[in-house]
Amino acid sequence: MYGRYLNGVVRRFANRRQSFGTFFLRNRRELQLMCRLLDQKGPDSEANISVLACSKGAEVYSIVWAIRAARPDLKLRLHALDISEEILKFAEGGVYSLTEAMAETPENVDTAASGDVNWNTRRDQIAPIFERMTAAEVESMFEVEGDEASVKPWFKEGIRWLRGDAADPQLLNTLGSQDIVVANRFLCHMQPATAEKCLRHVARLVKPGGYLFVSGIDLDVRTKVALDLRWNPVTDLIKEVHDGDVSIRRGWPLEYWGLEPLDERRPDWQVRYASVFQIGEAPCEMEELAASHRSEG
């Protein structure tokens, strides 16, 4: 309780800003769950996935790598969207530095405009972008030459890179309805009211029965929207996915983006701690929980 109170104070007064920091294979359990959900599709089916705020592309390529390994038969159509044209171009290039030197300095901060691979790879990183990969996994996903790793062509197929704003209410006209929408680890950098509005827009991208992946967000915001819109929490691997990203778990309670420990004593714990939701008709228990939440609030 003390930690939750302290984190609430931190979130209230923190100076929030977007970050390009990321990791390959950032949350393995999250990728495992996505592949399980896609197993519902028959042989040679089509899967439409959108990754919002795709940053340097690490999450995009990790998703494709995992799906290609689990379901090579799927016809994968993936939209990768980010508001920064500069970082989007770097992500589309798919070339990363293996050097583990420190990131940006006043002397090199302007080199990003020239497409410097070293600088862009290390930009906003609190740890190396390849930190969570084994040598065998790097070899599987990349073609390595010297100090640079280039994503293999097979993992680039089917990806469409788009410049856009995740908060744009007209985004559905651009992307169309999606089987899976990934809106991870950027909503926490917005003020709660802005994040809530954005999340409601994002949910419209998911076709009925599809899935929304949304971690890295103030839990109060996510819980409120999930209950208001009657989202069905996916409880498979709920604890493993919640604890699967060590950096945001370690950030609690002193960082505004830190993730609180899972507490099963809460009556709403499955909704509060689920990182994945099925969008569509809610089961009866969700209706009851939403009604209880409204009466308490």
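Each value in this text was obtained by applying a stated rule to the coordinates, not by laboratory testing. Computed from a predicted structure; not experimentally measured. Glycine gets a Cβ as well: all are built from the backbone with ideal geometry, and neighbour counts include every protein chain shown.
With angles folded into 0 to 90 degrees, how steeply does helix 58-70 sit against the dominant principal axis of the chain? Use alpha carbons for both and round to 10. Helix 58-70 sits at roughly 80 degrees to that axis.
Per residue of the chain, the DSSP helices (runs of n ≥ 4 H) give a summed -39500 (n - 2.57) that works out to -10500 deg cm²/dmol at 222 nm.
What is the distance in Å between the Cα centroid of segment 226-283 and that of segment 128-166? Value for the Cα centre distance between the two parts: 28 Å. Derived scalar couplings between HN and Hα for segment 250-267 equal 5, x, 8, x, 8, 10, 5, 8, x, 10, 5, x, 6, 10, 6, 6, 6, x Hz in order, rounded to whole Hz, by the Karplus curve 6.51 cos²θ - 1.76 cosθ + 1.60 (θ = phi - 60°), x for Gly and Pro. Once the Cα-Cα distance is subtracted from the 0.36 nm per residue extended length, the Glu131 to Arg4 segment shows a gain of 42.8 nm.
Restricting attention to the chain, close to 40% of DSSP beta bridges with both partner residues there are antiparallel.
Counting lysine pairs in the chain whose alpha carbons fall under 24 angstrom apart, excluding pairs fewer than 8 residues apart on the same chain, gives 16.
Between 0 and 90 degrees, the angle of helix 192-203 with respect to the longest Cα principal axis of the chain falls at about 80 degrees. Inter-label distance, Glu148 to Ser177: 4.3 nm, where each label sits 7 Å from its Cα along the C-beta direction. This ranking places Met34, Met1 by how few other beta-carbon atoms lie within 10 Å of each, fewest first, which gives Met1, Met34.
Grab the Cα-Cα distance for Asp168 and Glu139, subtract it from 0.36 nm times how many residues apart they are, and report the gain in nm with one decimal.
So the chain would gain 6.7 nm between Asp168 and Glu139.
The dipole here belongs to segment 19-94: it is taken about the Cα centre, uses +1 on the Cβ of Lys and Arg and -1 on the Cβ of Asp and Glu, and is about 300 debye. For the chain, the longest principal axis of the Cα atoms and the long axis of helix 2-13 meet at an angle of about 70 degrees. Compute the length gained on full extension between Arg77 and Glu255: take 0.36 nm times their separation in residues and subtract their Cα-Cα distance, giving the result in nm to one decimal. The Arg77-Glu255 span can extend by a further 60.5 nm. Among beta bridges identified by DSSP and lying wholly in segment 141-271, the antiparallel ones come to about 50 percent.
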